[in-house]
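Below is one structure; the comments refer to it alone.
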Amino acid sequence: MTHKLAATEYPIHDLIRRRWSPRAFADRPVEQEKLLTLLEAARWAPSSYNHQPWSFIVATKDDPTEHKRLLSTLAELNQGWAKNAPVLILAVAKLYFDDGRVNRHALHDVGLALENLVIQATAFGLSVHQIAGFNVESARKQYKIPEGYEPTTALAVGYPGDPQSLSNELRERELAPRIRKPLKQLVFFGEWGKASPLLAASSHR
């Protein structure tokens, strides 16, 4: 297992600091109770008007046919490493409220649900890699996803594995340090792009 703790500017919760997105997974199944707890954590995310616009298609290696089916929707490069993950999940967003109005927060809310899932996974010692590289139309066709619903993200879930199992290119990514933009590039005050004085004040402590 590779530990890649976030080098934070300010203290954050250990679960957030430990969370990252590996591609190496161990040949070990995820216990059913833990998997259900991940989905329960996602279920309790906040959402606009409590609409809860998330759904999840779950495939595990307990059913190899279904695991391969979900795997087949991923981009070829991602299939190469995600095939080792014992659990694959496809997150789907409901784009409209029940009265037909567009829910412009639907994707945001699905993201909140997934972060709940990811943090709960971290608490269990599990790893989650969220995957943008998948074929939306293939997923829609394979699972008969109706109009008004959007496949948003695929996830690989499992216990962390050995980076040496990856290709050279992916191994380099796996072992590279984690980086983020500094807060001064993200937190503004008064107008767009103007760094908040909150950051300057904290630097003088």
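Determine the sum of side-chain charges near Val102: Lys and Arg each +1, Asp and Glu each -1, restricted to other residues whose C-beta is under 14 angstrom from that of Val102.
Values: positive: Lys94, Arg101, Arg104; negative: Asp98, Asp99, Asp109, Glu147, Glu150.
Charge balance in the 14 Å sphere: -2.
Per residue, how much accessible area does the chain have with a 1.4 Å probe, in Å²?
Values: 12390 Å² over 205 residues.
Result: 60 Å² of accessible area for each residue.
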Checklist entry - Looking at the stretch 157-197, which trypsin sites (Lys or Arg not before Pro) are in a loop (DSSP not H, G, I, E or B) and have at most 13 other Cβ atoms within 10 Å? => result Arg178, Arg180
Checklist entry - What's the extension gain from Glu137 to Asp27 if we count 0.36 nm per residue and subtract their Cα-Cα distance? => result 36.6 nm
Next on the checklist: I need the P(r) histogram for the stretch 21-177: all alpha carbon pairs, bin width 5 Å from 0 out to the longest distance, whole percents.
Outcome noted: 2, 9, 19, 21, 20, 15, 9, 4, 1, 0, 0
Checklist entry - Which is the longest stretch in the chain that no exposed loop site breaks, taking sites as GluC sites (Glu not before Pro) with a DSSP loop state and at most 15 other Cβ atoms within 10 Å? => result 32-146
Checklist entry - When only Cα pairs under 8 Å and 6 or more residues apart are kept, what is the percent relative contact order across the chain? => result 29
Item to check | Fully extended contour minus Cα-Cα distance, from Arg17 to Asp162, at 0.36 nm per residue | outcome: 50.1 nm
Item to check | Gap separating the Cα centres of the stretch 1-52 and the stretch 121-197, nearest whole Å | outcome: 11
Checklist entry - Percent of accessible area on the stretch 21-177 owned by carbon and sulfur, 1.4 Å probe? => result 50
Item to check | Total formal charge among the other residues, if their Cβ is under 11 angstrom from that of Arg17, Lys/Arg +1 and Asp/Glu -1 | outcome: +3
Item to check | Surrounding net charge for Lys34, when Lys and Arg each add one and Asp and Glu each subtract one, Cβ distance under 14 Å | outcome: -3
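The values are calculated or read from the model by the stated rules, or taken from the named source; none is laboratory data. Computed from a predicted structure; not experimentally measured. Reconstructed Cβ throughout: ideal geometry from the backbone, glycine too, with neighbour counts over all protein chains shown. These area figures cover heavy atoms from the full protein model, side chains too; ligands, DNA and RNA do not enter into them. Shrake-Rupley method; radii C 1.70, N 1.55, O 1.52, S 1.80 Å.
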